[in-house]
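The values are calculated or read from the model by the stated rules, or taken from the named source; none is laboratory data. In this text, all values refer to a predicted model and were calculated from it rather than measured experimentally. Here Cβ is always computed from backbone atoms with ideal geometry, including for glycine, and neighbour counts include all displayed protein chains. Note: areas computed on protein heavy atoms with side chains; ligands, DNA, RNA excluded. Shrake-Rupley method; radii C 1.70, N 1.55, O 1.52, S 1.80 Å.
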Amino acid sequence: MKITMEEAAKKLMAAQRVLITAHVNPDGDAVGASLGLAALLREKGKTATVVLDDKLPRNLAFLPGYDEIRRPDGTPPDVDLLVVLDADPDRVGDALKGISGVPLLNIDHHITNKQTADFYYIENRAATAEMIYDIAEHLASSFPKAMALALYTGLSGDTGSFRFSNTRPSTFRAAARLLEAGAEPHVVSENFEVKPLSVFEGQVAALRTLEMTSGGRVAGLYLDQELTAKLESSEGFIDMIRVIEGVEAAVLIRALEPARCRVSIRSKGLDVTRVATKFGGGGHVRAAGCTLEMPLAEAKRAIQTALDELLASS
Ligand SMILES: [Mn+2]
């Protein structure tokens, strides 16, 4: 059943023992919203347990309560409300396994949410942390610093440090209020932006493959199978080269197998779905992708040709 923010707040206040969980592969918003809500509920005299069925990002260890986040251990906890944050309830791994007869409240800012929970509060917002902030504001409680830090981290994470198009006036209003409650932006960024040396070295190796083509209008990173396998993640790589002056399209091609490559393309307005759909892929005007069943060198040529056609026609 669809419910409003006020009704969600009421459900939370009516509960005594709450289990909070979020999606696997947790990010700053999943962890931040979970810890923020837990801190709010504890402030209200309730028992709150955060259970996440995955490895936690180390760069979030500065958040108060991080060490108390549990992995599901097969013994269903004694709770009277389940809360799933930042995702559909089927994306939480085994966090709710073995629990039955307990109402489930789903709070999520993804409009693609399938709306299957007993109660769901879904809104198109910058982050789930922003929705938890609204609940805290509505309950007009004092804002514990642990909550402020966690929710600010969630806001910061999902908005790319308040730079993405999902950043709204309400996001800054929430952030401002969280600063008043003790969140410190530099503490969040200094911790949140930390990455292991291996990840940094992977970025350096990837950037070494940089090639400028089409007279400087296309920037590309071309990772062979060995480098692709070595990388823990290629997240953010394409954004590093998209900002090069004069670049209209940025390309990242990763060789997954001898004759299979994953292609990501970003632009500043050029409709790159026209390239991606040519190879059976898709996406958005400024961000598209496809998979090519061909070796790296061949995939590179095919994408380059398609991009040159696109540049010539626009
Ligand atoms: Mn989120």
For the stretch 32-43, what are the residues that are over 14 Å from LYS145 (Cβ atoms) and more than 10 Å from the ligand (Cβ to nearest atom)? SER34, LEU37, LEU41
Go through the stretch 59-74 and count every residue that is open to solvent by 90 Å² or more (accessible area, probe 1.4 Å) and in contact (Cβ under 8 Å) with a residue 12 or more places away in the chain. 3
Within the stretch 73-81, does at least one residue satisfy the condition of being at pLDDT below 95 and polar (S, T, N, Q)? yes
Taking the stretch 74-113, which residues are away from the ligand (no atom under 16 Å from the Cβ) and either farther than 21 Å from ALA15 by Cβ or outside any loop (DSSP other than H, G, I, E, B) (or both)? GLY74, LEU81, LEU82, ASP90, GLY93, ASP94, LEU104, LEU105
Taking only pairs six or more apart or across chains, which ones have beta-carbon atoms under 6 Å, a first residue in the stretch 102-125 that is more than 11 Å from ASP86 (Cβ to Cβ), and a second residue that is among the hydroxyl-bearing types (Ser, Thr, Tyr)? none
Test LEU63 against the stated conditions and say whether it is assigned to a loop (DSSP other than H, G, I, E, B), farther than 24 Å from SER142 by Cα and either among the aromatic types (Phe, Trp, Tyr) or at pLDDT 95 or above (or both). no
When residues of the stretch 88-101 are limited to those that are free of Cβ contacts under 8 Å to residues at least 40 places away in the same chain and not acidic (Asp, Glu), the one surrounded by the most Cβ atoms within 10 Å (Cβ to Cβ): PRO89
Count, please, the residues in the stretch 281-295 that happen to be modelled with pLDDT of 95 or more and touching a Cys at 6+ places or on another chain (Cβ under 6 Å). 1
Looking only at strands (runs of 3 or more DSSP E) that fall completely inside the stretch 117-225, which ones have 2 or more residues that are within 16 Å of the ligand (Cβ to nearest atom)? 119-122
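A quick yes/no check of all residues on (1) open to solvent by 30 Å² or more (accessible area, probe 1.4 Å); (2) out of contact with any Gly (no Cβ under 9 Å at 6 or more places or on another chain); (3) not assigned by TED's automatic domain parsing to the domain that holds LEU221:
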site	(1), (2), (3)
ARG262	yes, no, no
ILE265	no, no, no
LYS268	yes, yes, no
VAL272	no, no, no
GLY280	yes, yes, no
VAL285	yes, no, no
GLY289	no, no, no
GLU293	yes, yes, no
LEU296	yes, yes, no
